[in-house]
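Read through the structure below, which is laid out as structure tokens, and then see the notes.
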Amino acid sequence: GDVIAEIDDAEFRARVTQSEASLARARAEAELAEANLERLGAMADREFVSRQQVDVAESALQVARAQVRLAEANLESARIQLSYTRITAPIAGVVASVATQEGETVAASFSAPTFLNIIDLDRLEVQAYVDETDIGRIQEGQEARFSVDSYPAEEFGGEVTAIYPKAVIQDNVVNYVVTVRITDRKGQTLRPEMTAAVTLVLEPRTGALAVPSSAVAREGAVRYVMVMEGGVPVRRTVRVGATQGGWTEITDGLAEGERIVLTEG
């Protein structure tokens, strides 16, 4: 609601004054046409004038009334154009940049000029690039988490709100833009253009047994880990589930509390 820019309104105020004068003249002409019709109607009743003259007067009154409506519309249009010379902020926020300086000429014949940019820090969203091989598993409403370099120890919460249909191709790699609404800011101030590392939760695991991925070895199709039994490492075949962030879910073959051997690499 605050005024953020003003355009020289001298020409627009002149148009309003001109439209007001045109409306006053049109209303005066309509009043005169109405009075003339009443006078001729009375004379026609006494057969002092012809009926044709009355019909002409009626037509003149209709034209005069149409001119009034046209003048009213022109005045309303002129007032709207005048109101555009005072530009107010459409949202609450802070001024991020000023594009037009005092004294510059602006032209809006083809596109609206930009005066300044306003940012509402409470309405920021995250844009993540998802590879085409994974985009089929992304849906609106999915949980998301992300971090930014400014607060490396914090992990912020989010929710997928949209998936752009048009692909973004860079270096022959096809990605799709996924927008994430921020649901938990952890009390921190997030700002535009921050670089974010985003994790999209495909299928949450509650109470999952997981081990460091480096502990899981593979021989053919068999996965196994080395478990300490009686102080000696013993090979144990396991069944694995999801992998995320350097951890692998174990769905069968291990019990919580067992000691395992980590391999290098």
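The values are calculated or read from the model by the stated rules, or taken from the named source; none is laboratory data. If you're wondering where the values come from, they're calculated on a predicted model, not measured in any experiment. Quick reminder, even Gly has a Cβ in these numbers, built from the backbone with ideal geometry, and neighbours come from all protein chains shown. Surface areas here come from the heavy atoms of the whole protein model, side chains and all, with no ligands, DNA or RNA. Shrake-Rupley method; radii C 1.70, N 1.55, O 1.52, S 1.80 Å.
Within the range 48-71, does at least one residue satisfy the condition of being of a type in the set (Val, Ile, Thr), loosely packed, with under 15 Cβ neighbours inside 10 Å, free of Cβ contacts under 8 Å to residues at least 40 places away in the same chain and in a loop (DSSP other than H, G, I, E, B)? For the range 48-71, residues of a type in the set (Val, Ile, Thr), loosely packed, with under 15 Cβ neighbours inside 10 Å, free of Cβ contacts under 8 Å to residues at least 40 places away in the same chain and in a loop (DSSP other than H, G, I, E, B): absent. Flag set for LEU116, criterion: open to solvent by less than 80 Å² (accessible area, probe 1.4 Å), farther than 28 Å from TYR176 by Cβ, within 19 Å of the chain's Cα centre (by Cα) and in contact (Cβ under 8 Å) with a residue 40 or more places away in the chain.
For the structure I just gave you, tell me whether ALA33 is assigned to a helix (DSSP H, G or I), touching a residue at least 24 places away in the same chain (Cβ under 8 Å) and of a type outside the set (S, T, N, Q). The answer is yes for ALA33. Scanning the range 141-149 finds one or more residues that are under 19 Å from GLU203 (Cα atoms), touching a residue at least 12 places away in the same chain (Cβ under 8 Å), out of contact with any Ser or Thr (no Cβ under 7 Å at 6 or more places or on another chain) and loosely packed, with under 14 Cβ neighbours inside 10 Å. Does the range 196-210 contain at least one residue that is touching a helix residue (DSSP H, G or I) at 6+ places or on another chain (Cβ under 8 Å) and surrounded by 12 or more Cβ atoms within 10 Å (Cβ to Cβ)? Yes, the range 196-210 contains a residue that is touching a helix residue (DSSP H, G or I) at 6+ places or on another chain (Cβ under 8 Å) and surrounded by 12 or more Cβ atoms within 10 Å (Cβ to Cβ). Candidates in the range 203-233 are the residues that are in contact with a Lys or Arg (Cβ under 9 Å, 6 or more places away or on another chain) and not charged (D, E, K, R); of these, the one that is nearest to GLU143 (Cα to Cα) is VAL216.
Quick check on this structure: which one of GLU140, GLU154, GLU193 is charged (D, E, K, R) and in contact with a strand residue (DSSP E or B) (Cβ under 6 Å, 6 or more places away or on another chain)?
Answer to the selection: GLU140.
Scanning the range 81-104 for residues that are within 30 Å of THR17 (Cβ to Cβ), open to solvent by 60 Å² or more (accessible area, probe 1.4 Å) and in contact (Cβ under 8 Å) with a residue 40 or more places away in the chain returns GLN81, TYR84, ARG86, THR88.
Results for (1) in contact (Cβ under 8 Å) with a residue 40 or more places away in the chain; (2) surrounded by 11 or more Cβ atoms within 10 Å (Cβ to Cβ), shown as yes or no for each residue.
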{"site": "THR183", "(1), (2)": "no, yes"}
{"site": "GLY187", "(1), (2)": "no, no"}
{"site": "THR248", "(1), (2)": "no, yes"}
{"site": "GLU258", "(1), (2)": "no, yes"}
{"site": "VAL261", "(1), (2)": "yes, yes"}
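Can you list residue pairs whose Cβ atoms sit under 6 Å apart, with the first residue in the range 210-222 being touching a residue at least 60 places away in the same chain (Cβ under 8 Å) and among the polar types (S, T, N, Q) and the second being in a strand (DSSP E or B) and loosely packed, with under 13 Cβ neighbours inside 10 Å? Count only pairs 6 or more apart in sequence or on different chains. Taking only residues 6 or more apart or on different chains, not a single pair turns up. Among residues of the range 14-28 that are open to solvent by 60 Å² or more (accessible area, probe 1.4 Å), those with a beta-carbon under 8 Å from a residue that is assigned to a helix (DSSP H, G or I) at least six positions away or on a different chain give the pairs ARG15/ALA78; ARG15/GLN81; ARG15/LEU82; GLN18/ALA78; GLU20/LEU75; ARG25/ALA71; ARG27/VAL68; ARG27/ALA71. Here are some conditions: (1) open to solvent by less than 40 Å² (accessible area, probe 1.4 Å); (2) under 30 Å from LEU200 (Cβ atoms). ARG239 meets all but one. Which one does it not meet? Evaluating ARG239 over (1) open to solvent by less than 40 Å² (accessible area, probe 1.4 Å); (2) under 30 Å from LEU200 (Cβ atoms) leaves (1) as the failure.
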